[in-house]
Amino acid sequence: MISHHIFLIGFMGAGKSTIAGCLKEMLNMNLIEMDQEIVQKEGMPIAQIFAEKGEEYFRQAETKLLASLSQESPAVVSCGGGAVMREENVTLMKKNGKIVLLTASPETIYLRVKDSQERPVLNGNMNVEYISSLMEKRRPFYEGAADLTISTDQKSPEEISKEIISNLDKALA
Ligand code: S3P
């Protein structure tokens with residue numbers, strides 16, 4: 001039995017939502033999709049929140065949501081790709097659970113997100129070079145927050161999920 005949240009972090013397209021769905025089944029835990037929660041609460045898609053209310057408003061909504069999770073029973077939490085950029089968010093995650101970083105190469109990320117209309121951060125910059133440079137900027141935040149890091153390149157969701165679970169005891173104790 002896992003008694004704390006498992007926060008999945010990583011760049012857009014790293015596989016957080018897919019793996020969160022697998023872990024939910026395998027560990028019989030609740031699932032919280034941060035992006036979906038915010039979309040539901042705001043009543044509009046992420047791209048529209050960014051366009052009408054601004055990125056700062058969205059980031060504030062992420063922080064509020066993370067703060068509210070201390071009240072929830074243990075869940076797999078699929079975090080928005082930018083959530084770790086705020087120090088207070090990482091503090092909240094560390095207080096309420098363990099943090100698993102999913103990584104993938106910029107090429108893999110590009111293939112996974114290239115047709116997405118729901119990634120305003122990549123609007124007008126949907127290419128490997130931009131993804132690679134943003135990933136480098138964010139790398140210290142992702143790596144600094146992670147309790148466990150798992151590469152997802154060329155692995156199936158089942159393989160990745162099993163790898164996380166087999167490391168849960170060691171890394172997430
Ligand atoms: C963002 C990632 C998105 C979403 C928003 C901002 C980011 O989530 O929260 O578009 O800044 O990396 P995913 O990582 O689930 O795509």
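Net charge near Ser17, counting Lys/Arg +1 and Asp/Glu -1 over other residues with Cβ under 10 Å of its Cβ? Counting the neighbours of Ser17, the net charge comes to -1. Within region 90-107, name every residue whose backbone N is under 20 Å away from a label modeled 7 Å from Cα of Met1 along the Cβ vector. Answer for this model: 96-98.
Over region 14-173, Cα pairs under 8 Å with separation of 6+ residues give a relative contact order of 28 percent. When the C-alpha to C-alpha distance is required to be over 24 Å, the pairs from Lys24/Lys170; Lys16/Lys114; Lys41/Lys137; Lys94/Lys137 that qualify are Lys41/Lys137. When only the Cβ of Lys, Arg, Asp and Glu is charged (+1, +1, -1, -1), the dipole of region 122-167 relative to its Cα centre reaches about 140 debye.
Please report the equivalent ellipsoid semi-axes of the chain, computed as sqrt(5 x eigenvalue) of the Cα gyration tensor, largest first, in whole Å.
Working: eigenvalues 110, 80, 42 Å².
Each semi-axis is the square root of five times an eigenvalue, giving 23, 20, 14 Å.
Dipole check for region 33-122: with +1 at the C-beta of Lys and Arg, -1 at the C-beta of Asp and Glu, and the Cα centre as origin, the magnitude is about 260 Debye.
Where the only charges are on Cβ atoms (+1 Lys, Arg; -1 Asp, Glu), what is the dipole of the chain about its Cα centre, to the nearest 20 debye?
On the way: 19 positive and 24 negative charges, 54 e Å.
Value, rounded to 20: 260 debye.
Amide H contacts under 5 Å for Leu101: Ile9, Asp147, Leu148, Thr149, Ile150, restricted to partners 5 or more places along the chain or on a different chain, H placed in the peptide plane at 1.01 Å from N.
Dividing the Cα radius of gyration by the Kirkwood radius, what Rg/Rh value follows for region 111-173? Show your work: numbers first, answer last.
Working: Rg = 14.7 Å, Rh = 14.0 Å.
Here Rg/Rh amounts to 1.05.
Using the Cβ-Cβ distance between Arg86 and Gln40 with R0 = 25 Å, the FRET efficiency computed as 1/(1 + (r/R0)^6) comes to roughly 0.70.
Counting charges near Glu87 (Lys, Arg +1; Asp, Glu -1) among other residues having Cβ under 14 Å from its Cβ returns a value of +3.
We did not get these values from a lab; they are worked out from the coordinates using the rules stated. Every value quoted in this text rests on a predicted model; they were computed, and no experiment measured them. A quick note on method: Cβ atoms are made from the backbone with ideal geometry, for glycine too, and the neighbour counts reach across all protein chains shown.
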